[in-house]
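The values are calculated or read from the model by the stated rules, or taken from the named source; none is laboratory data. Bear in mind that the values here come from a model prediction, so they are computed numbers and not experimental data. Glycine also receives a Cβ, built like all others from the backbone with ideal geometry; neighbour counts cover every protein chain displayed. For the accessible areas, the whole protein counts, side chains as well, though only heavy atoms, and no ligand, DNA or RNA atoms are used. Shrake-Rupley method; radii C 1.70, N 1.55, O 1.52, S 1.80 Å.
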Amino acid sequence: MCQNEGKGLLLALGKRQIDALFEMQMGDATMMLDDSEFVPLVEMILGTFEQTSLDATGVEQLWDYAYSAYDTACRDVDSDFSFEENKRLMQGYLVGPRKATPRRAKRRR
C-alpha cells in the first residue's frame, strides 16, 4: 500500500469516528453528555491519529472536520454564533495542548 493510500484510509477512518461520536451525542437527548465530557472524548480519538503515521496536515484536516461537526451541532441549537466562536468554545473544553479559554459564557447544547 502506498503512503498516500494509507493517509487516505486514516483520514476516512478518523472522519467516520468523528461522525459516529457526534451521531451518538446528538441521537438521544437522554444519553447526551455535557460538552465538558464529550469534547475530551473527541480529543482522545484525534490524539490517536497524532500518534500514528498520519502527517501534520492530515491531523489538521481531522481537527478541522471535528470543529465543523461541533459547529453544526451548536448551530442546530443556536444559530447566532459563528464558526470561529463555536470552534473557540470547543477548544475551551479540550484538556490538551489545543485548549483555549472561551471568550463567551459557556452554553449547554
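Against the longest principal axis of the chain, how steep is helix 3-27, in degrees 0 to 90 to the nearest 10, with axes from Cα atoms? Orientation of helix 3-27: about 20 degrees from the principal axis. Just to confirm the number: angle between the C-alpha axis of helix 56-77 and the first principal axis of the chain, 0 to 90 degrees, nearest 10? Between the helix axis and the principal axis of the chain, the angle is about 30 degrees. Per-peptide packing, taken as the mean over residues of other Cβ atoms within 10 Å, places 45-54, 83-92 in the sequence 83-92, 45-54 from highest down. If the Kirkwood radius is taken over C-alpha pairs of the chain, then at 37 °C and 0.692 mPa s the Stokes-Einstein diffusion coefficient equals 227 µm²/s.
Across the chain, the mean sequence separation of Cα contacts (distance under 8 Å, 6 or more residues apart), normalised by length, yields a relative contact order of 27 percent.
Ligands, DNA and RNA are left out, and with a 1.4 angstrom probe the accessible area of the range 1-98 is 56 Å² per residue.
Note the angle between two axes, namely the Cα long axis of helix 83-93 and the longest principal axis of the Cα atoms of the chain, as a number of degrees from 0 to 90, rounded to the nearest 10. So the inclination is approximately 90 degrees.
Protein heavy-atom surface of the chain, 1.4 angstrom probe: 54% of the accessible area is carbon and sulfur, with nucleic acids and ligands not counted.
Rounded to the nearest 500, the 222 nm mean residue ellipticity of the chain from helices alone is -23000 deg cm²/dmol, with -39,500 (n - 2.57) taken per DSSP H run of at least 4 residues.
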